[in-house]
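A.B. asks: Sending over a structure as structure tokens; questions will come in a sec.
What follows draws every value from the coordinates through simple rules; no lab data is involved. As the structure is a computational prediction, the values presented were derived from the model and not from experiment. Reconstructed Cβ throughout: ideal geometry from the backbone, glycine too, with neighbour counts over all protein chains shown.
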Amino acid sequence: MMIMTATENGQHARVLIIGAGPTGCTLALLLAKVGVPVALIEQNAVPQQHPAACILNTRTLEVFREIGVAEKILAACQNPFERWRITWVVSLAGRELGHQAGTEDLETALALSPAVHPVQFPQHKLEPILWQKIEQDSRIDFYRSHQFRHLEQNGDGVNVTVENRTTGETVVLTGAYAVGCDGASSHVRRALNIAMNGPVLQYMMGIYFVADLRRYVEHRKSVLYWVLNRNMLGVLIAHWLPTEWVLFTPYYPPQQSPDQFTPDVCLDLVHRAVGTYDIPDLDVKLVRPWVLSARLSERFQQGRVFLAGDAAHSFPPTGGLGLNTGVQDAHNLAWKLTAALRGRACPELLATYHAERRPVAMANLEHSVRNFENMNELNKLVRLDFNKLKTLQVIQNARIFRALPNAWQRGLVNAVLKLALRRLALLDRDGTRGERVRAQFQALLPGQVAHYRFLGLDLGFAYSLGAVIPEDSPKPVPPDPVMEYLPTTWPGSRLPHLWVHRNATRLSLYDLVEPEALLLLSHPQGQELWRAAVRAVQSDCAMPLLCRSIGRGGTADLVDEDSNWERLSETEATGAVLVRPDGHVAWRCKRAGSMPHQELHAVLLQLGCRCSREAAETPINT
Ligand SMILES: Cc1cc2nc3c(=O)[nH]c(=O)nc-3n(C[C@H](O)[C@H](O)[C@H](O)COP(=O)(O)OP(=O)(O)OC[C@H]3O[C@@H](n4cnc5c(N)ncnc54)[C@H](O)[C@@H]3O)c2cc1C
């Protein structure tokens, strides 16, 4: 065993990130962007090979824009607006049961965000882009093929022991903080002894295959094709139309298990979903089980160690929020870790990570579970109630049943499931009865829309506890807070996007947000007042503060020709909005009082900013 301390590149690795999935990579790139050294530890030698998650929502693209990968993704992705729909079929080659539009049009999407919109971009194409960016960054020591073993922490820092999987050598890496981004079965979480609670909802097999299915989909490009027939219940995810697909289908352990999905079985399942055995170029690439669960970690932080992404929460995919929530965790944590490392934040600021992110993860989890259960409404139409299959699972695990020979157990389970699926045949029946049930099926489809349209969850999530100064007024909410987004500066919300001009340059308000500073946005009428307040507090506050005014012209720093900021800011002429480095509103003052600098000073203290310059360390590696 060899022990060494990670000081490659002449840097002390200040933040140790375990796991180079989407969450870990995003965090590493956000930290490196502001000069914080990172050691990124990943057990695998190559990125994810399975397409896995595919929906990247608008807020994720905004974060990816910050780390410089959004443009590449937007250039490489297939046109999302051409295929943004969900289709239900008996099989791809068979009868269509209905479809629903999945999202807004391009114009609506671009009105809400600076040059980005949601895309469908599979994880096995995303991760190589992130890894490449990481390899180009000298601030990041990338430990591929290194597996996390254990960690120790004290008041000064964290030691993480990792094993080089190629040589067997053990390395001890030191850092000021560590973040477990090591996925749903996180070893970091286990090392911290933090419980992760919640039920398993379903066991699924994900069969990744390549086949040109153009003739079945060209006329109805979709993201998902739900397949309901007597031989197959599952979903075909069109990761790359018309050739790259994943078929997800359930299995029922312990009598059914992943090892039964042999190449022949997988081929047969794909044929049943497509509805024909005539697929000459069919090639099954990879088969992976996935346990769909709804689990939330009790804590997202313990001392100097944090949990983010699937390590902290795991959702069923019915909502497409897993990867997206992890990216937002990283975004929330990055500026807080940076402020702490620079000596600009009190420990309380780091504690707000748990306070802010756990409720958002809980809301996303509840939404995903609601969708999962709501899907059952369609099955119930033909009396295939998944809740009844829960009884099967109880029987499967009963001692008396387990006492039967294995082959009998398996045979009985297979037979019950086969019988249950037969009910789906009604959906494809010719004649009046079939037509009636298909009409009922179609009538239920609008009730599934919130599953696929969730702009409110994407852009409208807000932090009510944490590094925000709450207001007594309730958050303004649109009629449907899941599907619709209402721009607001209510503290904790995402700063609304707005195009403004500086000289001849068009900027989004997002381009003004600095990764290491707080940004105070005022109107021209209040700009002198707020500039004076910022000058008065800045000498005492370690956190940099920028002050910008937005108005129609004249003395305004930023020109907003249509005076949209007057409405969007929800403040009066002398009011101001304080924005955090992650683009969320920390505080707003609707109308300046007589002592704005005192008010601002109190706000900074309450946010957890260190308000004495002497307390700040010398900045690291700037
Ligand atoms: C088969 C499959 C299909 C999926 N399909 C969908 C989908 O359709 N829609 C959806 O929304 N989500 C889907 N997901 C979930 C989605 O992939 C996750 O939500 C997302 O990847 C979470 O990102 P993450 O970075 O937090 O964790 P992960 O992507 O799990 O990344 C964790 C990283 O940590 C590494 N790691 C783990 N343990 C160690 C260790 N001890 N030492 C060092 N490194 C370690 C892993 O190798 C991995 O690279 C799917 C997942 C799977 C497995």
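A.B. asks: Please pull out the direction-averaged projected area of region 41-93, using the convex hull of its alpha-carbon atoms, in nm² to one decimal place. Numbers along the way, then the final one.
C.D. replies: On the way: hull surface 25.3 nm².
With the hull built on Cα positions only, its mean projection is 6.3 nm².
A.B. asks: Okay, moving on. Just for the Cα atoms in region 338-470, what are the lengths along the principal axes, largest first, rounded to whole Å?
C.D. replies: Between the extreme Cα coordinates on each principal axis of region 338-470 lie 69, 45, 20 Å.
A.B. asks: Can you tell me the Rg and Dmax of region 427-486, counting just the alpha carbons, in angstroms?
C.D. replies: Final numbers for Rg and Dmax: 19.7, 63 Å.
A.B. asks: Answer rounded, prolate or oblate for region 101-247, using the Cα gyration tensor with square roots of eigenvalues a ≥ b ≥ c: rounded when a/c is under 1.5, else prolate when a/b is larger than b/c, else oblate. List each step's numbers first, then the result.
C.D. replies: On the way: a/c = 2.21, a/b = 1.79, b/c = 1.23.
Verdict is prolate for region 101-247.
A.B. asks: Strictly over 18 Å apart at the Cα level, which of 133/285; 72/133; 388/418; 380/418; 33/133 would you flag in this model?
C.D. replies: Numbers: 133/285 26 Å; 72/133 11 Å; 388/418 14 Å; 380/418 16 Å; 33/133 11 Å.
Where the Cα-Cα span goes over 18 Å, the pairs concerned are 133/285.
A.B. asks: Looking at the chain only, what percent of DSSP beta bridges run antiparallel? Nearest 5 please.
C.D. replies: Working: 70 of 97 bridges.
If we restrict to bridges inside the chain, about 70 percent are antiparallel.
A.B. asks: Hey, which aspartates and glutamates would be in cross-link range of residue 221, C-alpha to C-alpha under 19 Å, not counting anything within fewer than 8 residues on its own chain?
C.D. replies: 82, 96, 104, 105, 212, 244
A.B. asks: Using a 7 Å offset from the Cα along the Cα-to-Cβ direction at both residue 504 and residue 418, what is the distance between the two label points in nm, to one decimal?
C.D. replies: Those two pseudo-labels are separated by 7.5 nm.
A.B. asks: Quick check: residue separation of residue 605 and residue 78 times 0.36 nm, minus the Cα distance between them. What number comes out in nm? Walk me through the numbers on the way to the answer.
C.D. replies: On the way: separation 527, 0.36 × 527 = 189.72 nm, distance 4.68 nm.
185.0 nm is the gain from fully extending residue 605 to residue 78.
A.B. asks: All other residues with a Cβ under 11 Å from the Cβ of residue 194 taken together, and with Lys, Arg as +1 and Asp, Glu as -1, what is their net charge? Walk me through the numbers on the way to the answer.
C.D. replies: Numbers: positive: 189, 190, 299; negative: 298.
That sum, taken over residues with Cβ under 11 Å, equals +2.
A.B. asks: Could you tally the net charge around residue 247, taking each other residue with its Cβ under 14 Å from the Cβ of residue 247, Lys/Arg +1 and Asp/Glu -1? All intermediate terms of the calculation are to be shown ahead of the outcome.
C.D. replies: Working: positive: 272, 285, 288; negative: 244, 268, 283.
Residues close to residue 247 contribute a combined charge of 0.
A.B. asks: Turning to a different aspect of this structure: Give a residue-ordered list of calculated ³J(HN,Hα) values for region 90-98 (Karplus: 6.51 cos²θ - 1.76 cosθ + 1.60, θ = phi - 60°; whole Hz; x for Gly, Pro).
C.D. replies: Here the 3J(HN,Hα) series is 6, 7, 4, 7, x, 5, 8, 9, x Hz.
A.B. asks: Also, I was wondering about something else. How long are the semi-axes of the equivalent ellipsoid of the chain, defined as square roots of 5 times the Cα gyration tensor eigenvalues? Whole Å, largest first. Please list the in-between numbers first.
C.D. replies: Values: eigenvalues 413, 185, 90 Å².
Its equivalent ellipsoid spans semi-axes of 45, 30, 21 Å.
A.B. asks: Helix-only mean residue ellipticity at 222 nm, the chain, DSSP H runs n ≥ 4 weighted -39,500 (n - 2.57), per residue, nearest 500. What is it? Show your work: numbers first, answer last.
C.D. replies: Working: 21 runs with 214 residues, N = 622.
Taking each H run of at least 4 residues, the total per residue is -10000 deg cm²/dmol.
A.B. asks: If R0 is 45 Å, what FRET efficiency do you get for residue 442 and residue 166 from their C-beta distance, rounded to 0.05? Numbers along the way, then the final one.
C.D. replies: On the way: r = 56 Å, r/R0 = 1.23.
It comes to 0.20.
A.B. asks: Turning to a different aspect of this structure: What whole number of Å gives the distance from the Cα centroid of region 272-316 to the Cα centroid of region 224-271?
C.D. replies: For region 224-271 versus region 272-316, the Cα centre distance is 15 Å.
A.B. asks: How high is the relative contact order of the chain, in percent, counting Cα pairs under 8 Å that sit 6 or more residues apart?
C.D. replies: Values: 1309 pairs, mean separation 87.7, N = 622.
So the answer I get is 14 percent.
A.B. asks: Let me ask you something else. Report, largest value first, the span of the C-alpha coordinates of region 252-390 along each principal axis, in whole Å.
C.D. replies: 64, 36, 26
A.B. asks: Let me ask you something else. Tell me, in nm to one decimal, what length is gained between residue 539 and residue 221 on full extension, where the rule is 0.36 nm per residue of separation less the Cα-Cα distance? Walk me through the numbers on the way to the answer.
C.D. replies: Values: separation 318, 0.36 × 318 = 114.48 nm, distance 5.81 nm.
Fully extending the segment from residue 539 to residue 221 adds 108.7 nm.
A.B. asks: Whole number please: convex hull volume per residue of the Cα set in region 525-576, in Å³?
C.D. replies: Details: hull volume 4.0 nm³, N = 52.
Looking at region 525-576, the number lands at 76 Å³ per residue.
A.B. asks: Could you tell me what percent of the DSSP beta bridges with both partners in region 499-615 are antiparallel, to the nearest 5?
C.D. replies: On the way: 13 of 20 bridges.
Among the beta bridges of region 499-615, antiparallel pairing accounts for roughly 65 percent.
A.B. asks: Bin width 5 Å, origin at 0, all Cα-Cα pairs of region 175-231: what percent of pairs per bin?
C.D. replies: For region 175-231, the binned pair fractions read 4, 10, 12, 15, 12, 9, 10, 11, 9, 6, 2, 0 percent.
A.B. asks: Between residue 566 and residue 105, what FRET efficiency follows from the Cβ-Cβ distance if R0 is 35 Å, with the result rounded to 0.05?
C.D. replies: Values: r = 27 Å, r/R0 = 0.78.
The computed FRET efficiency comes out at 0.80.
A.B. asks: Take 204, 362 and order them by how many other Cβ atoms sit within 10 Å, fewest up front.
C.D. replies: Working: 204 20, 362 12.
Least to most surrounded, the residues fall as 362, 204.
A.B. asks: While we're on this one: For region 205-219, take each phi angle, set θ = phi - 60°, evaluate the Karplus expression 6.51 cos²θ - 1.76 cosθ + 1.60, and give the result in whole Hz per residue in order, putting x for glycine and proline.
C.D. replies: Listing the rounded values in order: 10, x, 9, 8, 9, 10, 6, 7, 9, 3, 5, 9, 10, 3, 7 Hz.
A.B. asks: How large is the convex hull of the Cα atoms of region 499-615 per residue, expressed in Å³ as a whole number?
C.D. replies: Values: hull volume 11.3 nm³, N = 117.
Once divided by residue count, the hull of region 499-615 is 97 Å³.
A.B. asks: In nm, to one decimal, how far is the residue 528 label point from the residue 150 one, both placed 7 Å along Cα→Cβ?
C.D. replies: 6.6
A.B. asks: Determine, from the Cβ-Cβ distance of residue 594 and residue 552 and an R0 of 25 Å, the FRET efficiency 1/(1 + (r/R0)^6), rounded to the nearest 0.05.
C.D. replies: Working: r = 27 Å, r/R0 = 1.09.
Approximately 0.35, to the nearest 0.05.
A.B. asks: Please list, ordered by chain and number, the residues whose modelled amide H lies under 5 Å from the amide H of residue 547; skip anything fewer than 5 residues away on the same chain.
C.D. replies: Sorted by chain and number, the residues that satisfy this are 520.
A.B. asks: State, to one decimal in nm, how far the label point of residue 362 lies from the label point of residue 387, with both points 7 Å from Cα in the Cβ direction.
C.D. replies: In this crude label model, residue 362 to residue 387 measures out at 2.5 nm.
A.B. asks: Can you put 346, 181, 589, 547 in order, fewest other beta carbons within 10 Å first?
C.D. replies: Values: 346 17, 181 32, 589 23, 547 20.
Result, fewest neighbours first: 346, 547, 589, 181.
A.B. asks: Can you give me the relative contact order of region 442-550 as a percent, contacts being Cα pairs under 8 Å and 6 or more apart? Display every interim value, and only then the final one.
C.D. replies: Numbers: 126 pairs, mean separation 21.1, N = 109.
That works out to 19 percent.
A.B. asks: Then there is this: For region 344-379 and region 75-109, write down the distance between their C-alpha centroids in whole Å.
C.D. replies: Comparing the Cα centres of region 344-379 and region 75-109, I get a distance of 27 Å.
A.B. asks: What is the P(r) of region 464-567, as percent of Cα-Cα pairs per 5 Å bin from 0?
C.D. replies: Pairs per bin, as whole percents: 2, 11, 17, 21, 21, 16, 8, 3, 1.
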